[in-house]
Amino acid sequence: MNAMELIRQRRSVRTFDGRPLRAEDREKLLAFAAQVANPYDLPITWRILSAKAHGLSSPVISGTDTFIAGKLRRAPHAEEAFGFAFERFVLYAQSLGIGTTWIAGTMNRPAFEAAMALEGGEVMPCVSPLGYPAAKLSLRESLMRKGVRADSRLDFSALFYDGDFNRPLTQAAAGNLSQPLEMVRWAPSAVNKQPWRVVLSGGSVHFFEKHSKGYSDKSGWDLQKVDVGIAICHFACGLEEQGVAWRLTTADPGIAVPDGTEYVATIERDQ
Ligand SMILES: Cc1cc2nc3c(=O)[nH]c(=O)nc-3n(C[C@H](O)[C@H](O)[C@H](O)COP(=O)(O)O)c2cc1C
């Protein structure tokens, strides 16, 4: 299955069928997580956890006892690095028929952090359940999906720009980048806010964050930068599918930004 198909098939799975994760799937997932890279080269530690053994719970998840969590040191770009790496994992799980849901909020966080042996200076941004999707969504899950309009996304022209923020990008003008951008469009984000914005300029692809209220805490941790890391991951998957080598830089191009919008990173062809 190609990356676009995986991305279009993926949805958050909150209702599982009760079967325990098969040992061979667990091994494959752990092996994948252990080698998953991120363009900021920040090391991330992953653990697959049993809810029963560690007293973990999430009020939105039913039908599985298994979760995965990741932790890393707090550092500049930790959010994007985590978003990128965890989304690679999510898409790999999807390729095995294993359901996931990014969870930053709806869990008993102290129990997860204890299970991860979180130390001072570390952060555990998100966790996910792991298991086999149930045939039917729970009522709670259906209502949640409606509440955040989980099956839809903003239009291409509302997210992507040509040269600067004054000119919306058309699919035609995007050319070969139209498909990778479409893959960005379908990325998951916290409360489906889709905070990523992209400006194509001079062959470079600049990623920005359009801040919503309430996603940064006092320490400066910004959950919507995790979303932008996920978007960059989808874009990278699209380029890789076209055989294009890429690199990430963080040199602000100085493009004038609308209120509440912040430069995050640039993706360029790696010649
Ligand atoms: C960083 C992040 C945090 C999220 N946190 C939660 C959460 O705490 N609880 C939850 O039920 N869903 C959470 N989600 C899932 C989103 O609600 C979901 O991805 C979005 O509504 C789009 O739906 P889809 O994933 O089915 O495409 C989170 C997603 C992301 C990317």
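Any read-out appearing in this document is the output of simple, stated calculations on the displayed coordinates, not a laboratory observation. A quick note: this is a predicted structure, and the numbers were derived from the prediction, not measured. In this analysis, Cβ positions are derived from the backbone assuming ideal geometry, glycine residues included, and neighbour counts consider all displayed protein chains.
Loop exposure criterion: trypsin sites (Lys or Arg not before Pro), DSSP state outside H, G, I, E and B, at most 11 other Cβ atoms within 10 Å. Applied to the chain, the longest stretch between such sites is 1-135. If R0 is taken as 22 Å, the Cβ-Cβ distance between L30 and E122 corresponds to a FRET efficiency of 0.65. For the range 162-175, the Karplus equation 6.51 cos²θ - 1.76 cosθ + 1.60, evaluated at θ = phi - 60°, returns couplings of 10, x, 8, 6, 8, 10, x, 8, 9, 4, 4, 5, 6, x Hz by residue, with Gly and Pro reported as x.
One Cα centroid belongs to the range 122-153, the other to the range 1-59; the line between them spans 14 Å. Note on the range 156-269: Cα convex hull, mean projected area over all directions, 6.8 nm².
Close amide-amide hydrogen proximity is noted between V264 and F207, F208, E209, each under 5 Å apart and 5 or more residues distant or on a separate chain (H modeled in the peptide plane; Pro and chain starts excluded).
Over the chain, Cα pairs under 8 Å with separation of 6+ residues give a relative contact order of 20 percent.
Couplings 3J(HN,Hα) of the range 114-129, computed from phi: 5, 5, 8, 6, 5, 10, x, x, 9, 9, 10, x, 8, 10, 8, x Hz, in residue order, whole Hz [Karplus 6.51 cos²θ - 1.76 cosθ + 1.60, θ = phi - 60°; x for Gly and Pro].
Summarising the amide proton neighbourhood of G63: residues at separation of 5 or more, or on other chains, whose placed amide H is nearer than 5 Å comprise F16. 3J(HN,Hα) along the range 80-94: 5, 4, 5, x, 4, 5, 5, 5, 4, 5, 4, 5, 5, 4, 4 Hz, from the Karplus curve 6.51 cos²θ - 1.76 cosθ + 1.60 with θ = phi - 60°, whole Hz, x for Gly and Pro.
Add +1 for every Lys or Arg and -1 for every Asp or Glu among the other residues with Cβ under 14 Å from the Cβ of M183, and state the total. Working shown, then result.
Details: positive: R8, R10, R88, R153, R185; negative: E5, E87, E182, E240, E241.
Here the charged neighbours net out to 0.
Other residues lying with their Cβ under 10 Å from the Cβ of I103 contribute a combined charge of +2, Lys and Arg counting +1, Asp and Glu -1. Each other residue within a Cβ distance under 12 Å of Q35 adds +1 if Lys or Arg and -1 if Asp or Glu, for a net charge of +2.
Each semi-axis of the equivalent ellipsoid for the chain is √(5λ) with λ an eigenvalue of the Cα gyration tensor; in descending order they amount to 30, 20, 18 Å.
For the cross-link pairs K136/K193; K146/K210; K71/K213; K28/K213; K71/K193, which exceed 32 Å when the distance is taken from alpha carbon to alpha carbon? Could you put the intermediate results ahead of the total?
On the way: K136/K193 25 Å; K146/K210 23 Å; K71/K213 25 Å; K28/K213 38 Å; K71/K193 24 Å.
Beyond 32 Å: K28/K213.
In this structure, the amide hydrogen of S12, modeled 1.01 Å from its nitrogen in the peptide plane, lies closer than 5 angstrom to no residue at least 5 positions away or on a different chain.
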